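Q: Below: one structure in structure tokens.
The values are calculated or read from the model by the stated rules, or taken from the named source; none is laboratory data. All of these numbers come straight from a predicted model, not from anything done at the bench. Cβ atoms come from the backbone with ideal geometry, glycine included; neighbour counts cover every protein chain shown.
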Amino acid sequence: MTPLKLSIVVCSYDQAAYLRQALHSLATQRDLRPGELEVLVIDGGSTDGSVEIIREFEKHFAYSVSEPDRGQTHALRKGFDRATGDIQGWLCSDDVLEPNTAREVLDYFHSHPAARFVYGDATFIDQNGRSIRRKKEIPFNSFIWRYDHNYIPQPSTFWRKNLYEEVGGLDESFDVAMDGDLWARFLQRARPEHIRKPLSCFRLQPQQKTQMLREEHDKMHQRYCARLGRSFAHPAQRKAAFVVAKTWRVGCKLATGCYW
């Protein structure tokens, strides 16, 4: 079977406090053969010491740049435009990959040639990198995903390059929830598969965009879910759908042991 290559794009801007941990997690991936992992670091012109940290790890990268950009989504698009791997994913500079993630992902796509879009579990960590709890997930359910929330953990999600190209890549009109919008367009062409292993660590910290812009994030979720077909327009209908989806999700997590 033809060897596969995994491309990881790292986006960063003034995240020196966490960037070294993110890059170290990529530089120390285990059990890889030469050429199996391609790392592209796109920094938005940081002035907080990030550039010096990037230079420490440059020998592990296929490409790196530090220059002003139009925001996170534009930075990611720049990286994916240069990526040459068959499989793709991205890592925000405050998150980290588990040591065996690249190997796990490449092996999964090798053994599941029909898979186009996969996600794993994650671990929540605090500002200091200490584990808080495991984020165990359920197999994909469209109703739950649309009406409860986007539960596919971005740093634990990977896809085939041709799928990304088919949907036109990331949409720069999304400054938040750009991952959910990309998943929504993937879902029009492929059903995600779930790997029941932790593939990344997701850092909870005060400056995290998802937490700071929660209301905007929720609005964007409704926007991209509308692409998947009929949505409930009336607030009472949406609330009822949310209650059903939340109850269903909790039941699925209980049944599959996600809470322990």
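Q: With the requirement that a residue be under 17 Å from L4 (Cα atoms) and surrounded by fewer than 18 Cβ atoms within 10 Å (Cβ to Cβ), what does the range 21-35 give you?
A: Once the filter is applied, which keeps residues that are under 17 Å from L4 (Cα atoms) and surrounded by fewer than 18 Cβ atoms within 10 Å (Cβ to Cβ), the range 21-35 yields R30, D31, L32, R33, P34, G35.
Q: With respect to A75, is the statement that it is touching a helix residue (DSSP H, G or I) at 6+ places or on another chain (Cβ under 6 Å) and surrounded by 21 or more Cβ atoms within 10 Å (Cβ to Cβ) true?
A: No: the conditions fail for A75.
Q: Another one. Within the range 35-53, count every residue that is farther than 14 Å from D94 by Cβ and charged (D, E, K, R).
A: So the answer is 3.
Q: Among the residues that make up the range 164-182, is at least one of them farther than 25 Å from D94 by Cα and part of a helix (DSSP H, G or I)?
A: Yes, the range 164-182 contains a residue that is farther than 25 Å from D94 by Cα and part of a helix (DSSP H, G or I).
Let's see how each residue does on (1) modelled with pLDDT of 95 or more; (2) in contact with a helix residue (DSSP H, G or I) (Cβ under 7 Å, 6 or more places away or on another chain); (3) over 30 Å from H110 (Cα atoms); (4) charged (D, E, K, R):
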site: T157; (1), (2), (3), (4): yes, no, no, no
site: G168; (1), (2), (3), (4): yes, no, no, no
site: F174; (1), (2), (3), (4): no, yes, yes, no
site: L187; (1), (2), (3), (4): yes, yes, no, no
site: R203; (1), (2), (3), (4): no, yes, no, yes
site: Q207; (1), (2), (3), (4): no, no, yes, no
site: T210; (1), (2), (3), (4): no, yes, yes, no
site: L228; (1), (2), (3), (4): no, yes, no, no
site: S231; (1), (2), (3), (4): no, yes, yes, no
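Q: Which ones in the range 1-34 are over 11 Å from S93 (Cβ atoms), hydrophobic (A, V, I, L, M, F, W, C), more than 17 Å from the chain's Cα centre (by Cα) and at pLDDT 95 or above?
A: Answer for the range 1-34, where residues must be over 11 Å from S93 (Cβ atoms), hydrophobic (A, V, I, L, M, F, W, C), more than 17 Å from the chain's Cα centre (by Cα) and at pLDDT 95 or above: L4, A27, L32.
Q: Related question: Limited to the range 184-202, what total is found for residues that are without any contact (Cβ under 8 Å) to a residue 60 or more places away in the chain, outside any loop (DSSP other than H, G, I, E, B) and not aliphatic (A, V, I, L, M)?
A: Within the range 184-202, residues that are without any contact (Cβ under 8 Å) to a residue 60 or more places away in the chain, outside any loop (DSSP other than H, G, I, E, B) and not aliphatic (A, V, I, L, M) number 1.
Q: Taking the condition of being of a type outside the set (D, E) and either in a loop (DSSP other than H, G, I, E, B) or buried (at least 21 other Cβ atoms within 10 Å of the Cβ) (or both), how many residues in the range 123-143 meet it?
A: Counting residues in the range 123-143 that are of a type outside the set (D, E) and either in a loop (DSSP other than H, G, I, E, B) or buried (at least 21 other Cβ atoms within 10 Å of the Cβ) (or both) gives 10.
Q: While we're here: Please return the ranges of helices (runs of 4 or more DSSP H) entirely within the range 7-122 where 1 or more residues are within 24 Å of K136 (Cα to Cα).
A: Filter on the range 7-122 gives 16-27, 101-111.
Q: What are the residues in the range 61-87 that are of a type in the set (D, E) and within 22 Å of D179 (Cβ to Cβ), if any?
A: Listed by number, the residues that qualify are D69, D81, D86.
Q: Provide a single number: the residues in the range 216-260 that are within 13 Å of S142 (Cα to Cα) and free of Cβ contacts under 8 Å to residues at least 12 places away in the same chain.
A: 3
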